[in-house]
Structure formats: structure tokens, C-alpha cells
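Undergrad: Input: one structure, supplied below.
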Amino acid sequence: MKGSGRAASWREIDQWDGGTGWIAYPDEEMERASHALVSDGDVWLVDPVDVDGLDDTLAELGTVRGVVLLLDRHERDAETLARRHEVPVYVPEWMDDVRSDLSAPVEPIRRSLADSGYDLHKLVDNPVWKEGFLYDEDSKTLVVAEAVGTSAYMRTSDERLGVHPALRLKPPKALGRYSPERILVGHGEGVTTGAAEALTDALSGSRKRTPRLYAQTAREFLF
């Protein structure tokens, strides 16, 4: 399900004028995706997994300004990269437990991510799941850590984007207020064409396709 150790091989994904992404362990089932958002030469690393040669790629994009965590269990290699680049880890202000657990310098995000152009919004906030998402109105870019994704265990065969199995019966309706042109996710490659339509379909069809997804997942684990 999940690779371990420092990744030597990785796959670059989601390249566009405003950044890039990568999957550190191309063969893992979870397909953990990381992103570098770029704004005026500043680079923001979102839920990153460290890989060999990453710093060379980042240097071509600009200067790392900070590391961003959007999910309470996505610490991944945030501290390692923050220390290496001597920058803070930016965490939504309502994620108190995450902020207290990190030993690297921490900065709370309230409404926006410094001068990146991205605004922060609360998506899930309960005792077992805390998640925020970023949206840049100018580029119509939506960044979601976990609530939706494109990895196989999140999608049925006819979905381009799927709601997380644990949220299927109560999909994150807050995402439905947006019409993004690009959706970057924490698991799998992003959706860069027909993104708004894929998001609408994922949210509207989440409940009715739940049995199919669960059956699909069960078959994969049993056989």
C-alpha cells in the first residue's frame, strides 16, 4: 500500500505554469502525491514526500518559502524538508494537535497562505479527521489532500475523481461551490481537463456508487 525509506525513483505529475507535483513511489497503491506551488519565485511544498534529486527540481522553480500541511495525518516528510530549507511548516490554525506535535518551526494559516495567491478553507473538522483545502481564484486551482482523489481505491471504474471511501456517504459539499480548471490531490495524479465536471460528478454520485466502490475494494484485497 505504501512505500518506505527514501524514494530513489519518482514520477513527476501535474506540471503547469504554477507548479508541479510528484509521486515518490510510483508503484505504491496509495499513490501519495506531493505538490510544489509556485508564485512569483516562491515555492510552497504541499504535503510533501521527500525523494532523491528533489532539491534540484525545486531550485529550477524558485526558492522554497514554506511547507504546507492540509491534513492532520499528512505529516509525511514535512519536518525534514522544512529543516533542510530552513522554512516553517504552515498548518491550518484549527489543527492544534498537529502544530503541537511538530518540532520544526510552525506558522498557523488563517485565511490565506501568505502571498501565494491561495486561500485556505476548512473542509473536515472532527475528532478523527481535520482537513483544509487551498483554492487560487486566478488560476482556478483547487488543492485537496484527502477528501477526493484519483488513486484506484478512491474511484469506481467510471469516475475520473472519487470521494474518499470514508466520506462516501457524506461527501464534502463545500467543494461543490467551486468550478476549478485544475484539481490537485494528495493521492494520485491531478485532474487537469474537465475538472469542474469531474468534481460535480464525484460529489453528486458519491453515495449511489458507494456499494460498487466497496465491492471493488473487497475484491482487490481478497483476490
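Read the figures in this text as sums done on the coordinates, not as results from a lab. Every value quoted in this text rests on a predicted model; they were computed, and no experiment measured them. As a convention, Cβ positions derive from the backbone with ideal geometry for all residues, glycine included, and neighbour counts pool all protein chains shown.
Undergrad: Pull out a ≥ b ≥ c, the square roots of the eigenvalues of the alpha-carbon gyration tensor of region 142-206, then state rounded if a/c is under 1.5, prolate if not and a/b is larger than b/c, and oblate in the remaining case. Could you put the intermediate results ahead of the total?
TA: Details: a/c = 1.35, a/b = 1.13, b/c = 1.20.
Here region 142-206 falls in the rounded category.
Undergrad: Angle check, please: helix 195-204 long axis (alpha carbons) against the longest principal axis of the chain (alpha carbons), in degrees 0 to 90, nearest 10.
TA: Rounded to the nearest ten degrees, it is 50.
Undergrad: Top mean-square fluctuation among TYR25, TYR178, TYR135, Gaussian network model of the chain, C-alpha springs under 10 Å?
TA: In this elastic network of the chain, the residue with the biggest mean-square fluctuation among TYR25, TYR178, TYR135 is TYR178.
Undergrad: Next question, about the same structure. Subtract the Cα-Cα distance of THR210 and LYS140 from 0.36 nm times their separation in residues, and report this length gain in nm to one decimal. Walk me through the intermediate numbers first.
TA: Values: separation 70, 0.36 × 70 = 25.20 nm, distance 2.85 nm.
22.4 nm is the gain from fully extending THR210 to LYS140.
Undergrad: A further question on this structure: Leaving out same-chain residues fewer than 8 places away, which lysines sit with a Cα under 29 Å from that of LYS140?
TA: LYS122, LYS130, LYS170, LYS173, LYS208
Undergrad: Taking R0 as 30 Å, what's the FRET efficiency between ASP101 and HIS121 from their Cβ-Cβ distance, rounded to 0.05? Present the calculation step by step, with values, prior to reporting the outcome.
TA: Values: r = 23 Å, r/R0 = 0.76.
For R0 = 30 Å, the calculated efficiency reads 0.85.
Undergrad: Based on Cβ point charges of +1 for Lys and Arg and -1 for Asp and Glu, what charge dipole magnitude is obtained for the chain about its Cα centre, in debye rounded to the nearest 20? Mind dumping the intermediate values first?
TA: On the way: 27 positive and 40 negative charges, 255 e Å.
Approximately 1220 debye in magnitude.
Undergrad: For region 1-152, just say rounded, prolate or oblate: build the C-alpha gyration tensor, square-root its eigenvalues into a ≥ b ≥ c, call rounded for a/c under 1.5, and beyond that prolate if a/b exceeds b/c, oblate if not.
TA: Details: a/c = 1.27, a/b = 1.12, b/c = 1.13.
Rounded, because the longest to shortest axis ratio a/c is under 1.5.
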